[in-house]
Amino acid sequence: MSAPYAEVIGDPIKHSKSPLIHGFWLKALGLSGDYRRTHVKPDDLGAFIAERRDDANWRGCNVTIPHKLAVMEHVEDPGDVRGTIGAMNTVVLQPDGTLIGTNTDAAGFYAPLAELDLEGAPVVVVGAGGAARAVLFALARAKIGPVTILGRSPLKAMGLLATFGLKGDVVALDAPLPPAALLVNASSLGMTGQPPLDLDLSPLADDAIVYDLVYAPLRTGLLAAAESRGLDTVDGLDMLIGQAALAFELFFGKTPPEGRDEELRALLTA
Ligand code: NAP
């Protein structure tokens, strides 16, 4: 029998950093296994899943754009991801042949904040897309205080507040910020090729944290502005590595090696 493998699927898929991350951990742990990158077009998703579930070496896959919603039709959902975050990024083949779908983005996002007490804290979130759903799901579980969502689609943002039982406001991108303790950019603004995210950070609390999910570029204009205001920052690689770590454990049954994150970050930014 050949080695177990997992993979990331999407359309396009060339840009994915997941093979680098999982490959680094497989090698570091000396595990025989493989993590691939597979181009799957939307019309081929059902056939892909049907073929893989009969492959004895396949452990599962990470799922990226545009399959995060469509994949929910093909898997079991014991954690009610469909009814909460509403998108899946990981599919795991169980030893009994059951295919389970889950979402490791919310926990990956929250990992760098886990030591903080965010209960009751006012928070700003930019964006109301898929990543914002995972962010708000995680923050609602941390019992945060009022949330201000900044974005260009107010109805979508209001729907998210209601979905996650959060109190707060929805405002335009150029509205003044409240004195929040945490600001999260969960939009595409600031990504290479996208418009910048220009916010006046002066109203934020002096000990506020600014967290940008964007990881290309890694040091976004938002993080640079936060640093020059003396605020603590978290960049998008923390979440990327955090969500991958949970998936790695599900696929290969081992936790990633400890104390190797700096090496991995250097590899990902080389
Ligand atoms: P998405 O579902 O397409 O959502 C993008 C959000 O950005 C939407 O709310 C969209 O507004 C908003 N937006 C896009 N262009 C805009 C513009 N010109 N002006 C105002 N708002 C704009 O994408 P996603 O999956 O949530 O990803 C969002 C970002 O998070 C991306 O940069 C992605 O790389 C990053 N991300 C990082 C990680 C990580 O592990 N670090 C994980 C997931 C995502 P509308 O709602 O109006 O469309």
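Throughout, read-outs are computed from the coordinates displayed, never taken from laboratory work. Not measured: the values here are computed from a predicted model. Neighbour counts run over all protein chains shown; Cβ positions are idealised from the backbone, glycine included.
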Summing -39500 (n - 2.57) over every DSSP H run of at least 4 residues in the chain and dividing by its residue count gives a helix-only mean residue ellipticity at 222 nm, to the nearest 500 deg cm²/dmol, of -9000 deg cm²/dmol
Quick calc, the chain, dipole around Cα centre from Cβ unit charges on Lys, Arg (+) and Asp, Glu (-), nearest 20 debye, gives 460
Charge dipole of the chain built from unit charges on the beta carbon (Lys, Arg +1; Asp, Glu -1), centred at mean Cα; most positive-end Cα among Leu201, Gly108, Ile85 is Ile85
Here, trypsin sites (Lys or Arg not before Pro) of segment 1-64 satisfying both criteria (DSSP loop; at most 11 other Cβ within 10 Å) are Lys14
Cross-link reach from Lys254 to lysines, straight Cα distance under 22 Å and at least 8 residues apart if same chain, gives Lys17, Lys27
Non-local residues with an amide H under 5 Å from the amide H of Tyr35, with H modelled 1.01 Å from N and Pro and chain starts lacking one, are Ala6
Whole-Å distance linking the alpha carbon centroid of segment 94-109 with that of segment 129-160 is 22
Quick shape summary for segment 57-163, equivalent ellipsoid via Cα gyration tensor, semi-axes whole Å in descending order, reads 28, 16, 11
Any residue on another chain or 5+ positions along whose placed amide H is under 5 Å from the amide H of Ala216 is listed here as Thr192
Per principal axis, largest first, the Cα atoms of the chain extend in Å by 60, 38, 35
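List the trypsin sites (Lys or Arg not before Pro) within segment 227-267 that fall in a DSSP loop (any state other than H, G, I, E or B) and whose Cβ has at most 15 other Cβ atoms within 10 Å.
When the trypsin sites (Lys or Arg not before Pro) of segment 227-267 are filtered for loop state and at most 15 Cβ neighbours within 10 Å, Arg229, Lys254, Arg260 remain.
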For segment 107-234, the dipole about the Cα centre with charges only on Cβ (Lys and Arg +1, Asp and Glu -1), to the nearest 20 debye, works out at 540
One finds the C-alpha centres of segment 32-86 and segment 169-207 to be spaced, in Å, by 33
Computed on Cα atoms only, the convex hull of segment 107-234 has an orientation-averaged projected area in nm² of 6.8
The distance between the Cα centres of segment 13-28 and segment 227-270, in whole Å, is 12
Any lysines whose Cα falls less than 18 Å from that of Lys41, other than same-chain ones fewer than 8 residues away, would be Lys14, Lys68
Hits for the chain under the membrane-span-like helix rule (DSSP H, Cα axial span at least 20 Å, Kyte-Doolittle mean at least 1.0) are 236-252
Descending packing, highest mean Cβ count within 10 Å first, for 177-188, 91-102 is 177-188, 91-102
Ignoring GluC sites (Glu not before Pro) buried by more than 13 other Cβ within 10 Å or outside DSSP loops, the longest site-free run in the chain is 120-257
Relative contact order as a percentage, the chain, C-alpha pairs under 8 Å and 6+ apart, gives 16
